[in-house]
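A quick write-up on the structure given underneath.
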Amino acid sequence: MSPEADEPSCLSRHQSYRKHSPHKPSSYLISKLRKYEDLHRQCGPGTKSYKREYCKYVIWLPANGLGNRMISIASTFLFALLTERVLLLHQRPDMEDLFCEPFPNSSWVLPVDKFPLQKEFWDEKDRHSHSIGSLMQKGNSSAARNESSRGQASSYLFVNVNHGRYDGDNVFYCDRGQASIEKIPWLIMLSDQYYAPAFFVMKRFEKEVIKMFPEKQTVFHHLGRYLFHPSNQAWGLIKRFYRAYLEKADQRIGLQIRVFNPKTVPFQTVMDQILKCSSKENNILPKLDDAKPVGTSQSGNGTSSKAILAVSLYSEYYEHIKNMYWTKPTVEGDVIGVYQPSHEEYQKFGDNMHNMKAWAEISLLSTCDVLVTSAWSTFGYVAQGLGGLKPWILHKANDQNVPNPACVEDLSMEPCFHFPPTCDCDTDEKVDAGALVPYLRHCKDLNWGVKLVE
Ligand code: GDP
């Protein structure tokens, strides 16, 4: 938490509905953050150093949905901490006002009109010719370094490690790639990935990052809670919903239902899968007393109340679950409420209010006591990381058949790095990123991805 933050401009910094985290950040991480704040204050937009380009920067470009963006911002911030760069976000209008400024007395928003790389920044062709991969291939990296040491305006490089790219830019994950970009003042980063785990297997960063995060599964948990405070507008959405529907419950159960292929996987399959996971295979949702006819009063004498938060683009799952608990008593006799904040129907691009709702829903999920999330979904990853929760993940269904088992308990609260590098940096031979160190394991929801575990 930034020490100098002022309450009215960022209410969420001083109020939270999340459970207190049992995971303490290391004192080394805290000292790195304070040092970073000083650097950002000195070099941020509007400062003398920024105008004269005295500092080194990493500019983050948005790609894909909000979950993808947040995991990649956190990774880029970790990179900035490790390399003493200043992180600036190229926020499009659809991301404005989602978050408070995280760094005291400064801004992390790139001022697009006061940016020295105007022309190059927008020119996609120029991006490729200035990419780290093509420069390394041409053996041109020393030329780029010389250019940068002379302080010319073209002293920048693009790094494109967006999903599924296995081309030259993956040299970013190699020590030699890092050596070649070390002195370049402007790095422009395009990624939708949670690439933070890569630093744990790079000789150059490994010691430092382990010192920062002795508890390895807490990287996103700490960085996410430090960086992402809902703006007052987003906080309004969260607070009103939480107080009306979730606050009084004894237990909050979050269901995040993301269906990537609704045309091939029918509603009933997903619904059966959710119930199989959370009721038959595990004791997550309260059991219905099927023996009792509709209208019978509760069989048990339970007095506890449970709130089920159903988060999805669609309303059908919420309707079905709500109806279930309305028309049948539960075995324990608990009071069950089922709630859904919104159903936006499809992912909308360039829509600020759509992203605001998504952010509010991610935050509400992070206040839950237990989470069921959907395989492959970065939306769910952010909720689990911020909440410090190890979720149950619904396996990805591909057709009408309910996967067996329906879900699996995750390995840790960390997001999954979907596309880790697959080649050894020195030999160029294939490597299995999940077999390099004991604290990096294949993800349960996506077997070619890796994640940090204890
Ligand atoms: P992913 O695609 O599941 O990895 O998550 P992303 O967050 O990167 O992209 C999905 C986007 O679709 C979100 O950012 C939202 O814009 C939208 N979306 C998906 N699921 C939901 C949902 O349950 N609620 C809301 N409000 N939006 C969602």
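The values are calculated or read from the model by the stated rules, or taken from the named source; none is laboratory data. Owing to the predicted nature of the structure, the values given are computational and were not obtained by experimental measurement. With ideal geometry, Cβ positions are generated from the backbone for all residues, glycine too; neighbour counts draw on all protein chains shown. These area figures cover heavy atoms from the full protein model, side chains too; ligands, DNA and RNA do not enter into them. Shrake-Rupley method; radii C 1.70, N 1.55, O 1.52, S 1.80 Å.
Per-structure values
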| quantity | calculated |
| --- | --- |
| Karplus-derived HN-Hα couplings along the stretch 155-162 (A = 6.51, B = -1.76, C = 1.60, θ = phi - 60°), whole Hz, x at Gly and Pro | 7, 9, 9, 9, 10, 10, 10, 5 |
| Residue-by-residue Karplus 3J(HN,Hα) for the stretch 365-371, coefficients 6.51, -1.76, 1.60, Hz, glycine and proline x | 4, 6, 8, 6, 8, 9, 10 |
| Given charges at beta-carbon only (K, R positive; D, E negative), |dipole| of the stretch 7-214 in Debye | 660 debye |
| Given charges at beta-carbon only (K, R positive; D, E negative), |dipole| of the stretch 305-360 in Debye | 80 debye |
| Amide N proximity, the stretch 221-243 versus Leu11 label position 7 Å along Cα-to-Cβ, cut-off under 17 Å | 229-243 |
| ³J(HN,Hα) computed for each position of the stretch 391-408 - Karplus, 6.51 cos²θ - 1.76 cosθ + 1.60, integer Hz, glycine/proline x | x, 8, 9, 6, 4, 6, 7, 10, 8, 7, 8, 6, x, 10, x, 6, 8, 9 |
| Shape category assigned to the stretch 232-277 from the gyration tensor of Cα positions, a/c cut at 1.5 | oblate |
| Formal net charge of residues neighbouring Asn404 (Cβ-Cβ distance under 12 Å; K, R +1; D, E -1) | 0 |
| Global form of the stretch 7-214, assessed from the alpha-carbon gyration tensor, a/c cut-off 1.5 | prolate |
| The chain, relative contact order [Cα under 8 Å, separation at least 6], % | 18 percent |
| Amide H partners (placed H, <5 Å) of Lys287, local residues excluded | Val331, Glu332 |
| Cut-off 10 Å between beta-carbons: net charge of the residues surrounding Leu81, Lys and Arg +1, Asp and Glu -1 | +1 |
| Shape category assigned to the chain from the gyration tensor of Cα positions, a/c cut at 1.5 | prolate |
| Accessible area in the full protein assembly, largest first, 1.4 Å probe, for Asp432, Asp334, Asp97 | Asp97, Asp432, Asp334 |
| For Leu411, residues with placed amide H under 5 Å, excluding near neighbours | Lys444 |
| Mean ellipticity per residue at 222 nm, deg cm²/dmol - from DSSP H runs of n ≥ 4 across the chain, formula -39500 (n - 2.57) | -9500 deg cm²/dmol |
| Exposure ranking of Leu29, Leu82, Leu11 by accessible area [1.4 Å probe, largest first] | Leu11, Leu82, Leu29 |
| Cβ-placed point charges (K, R +1; D, E -1), dipole of the chain about Cα centre in debye, nearest 20 | 780 debye |
| Model label zone, Glu215; criterion: amide N under 18 Å from point 7 Å along Cα-to-beta-carbon; scope the stretch 9-26 | 18-26 |
| Segment Arg240-Tyr54, extension gain: residue separation times 0.36 nm, minus the distance between their alpha carbons | 62.5 nm |
| Full-extension gain in nm, Glu429 to Gln137, via 0.36 nm per residue minus C-alpha separation | 103.4 nm |
| Where no second cysteine Cβ lies under 4.7 Å, the cysteines concerned in the chain | Cys368, Cys423 |
| Within the accessible area of the chain (1.4 Å probe), percent carbon and sulfur | 51 percent |
| Exposure ranking of Arg204, Arg258 by accessible area [1.4 Å probe, largest first] | Arg204, Arg258 |
| The chain, accessible area per residue, ligands and nucleic acids excluded (1.4 Å, Å²) | 43 Å² |
| Long-range HN-HN contacts of Val431 with modeled amide H, under 5 Å | Cys423, Asp424 |
| Long pairs among Lys125/Lys348; Lys51/Lys357; Lys216/Lys396, criterion Cα-Cα beyond 32 Å | Lys51/Lys357 |
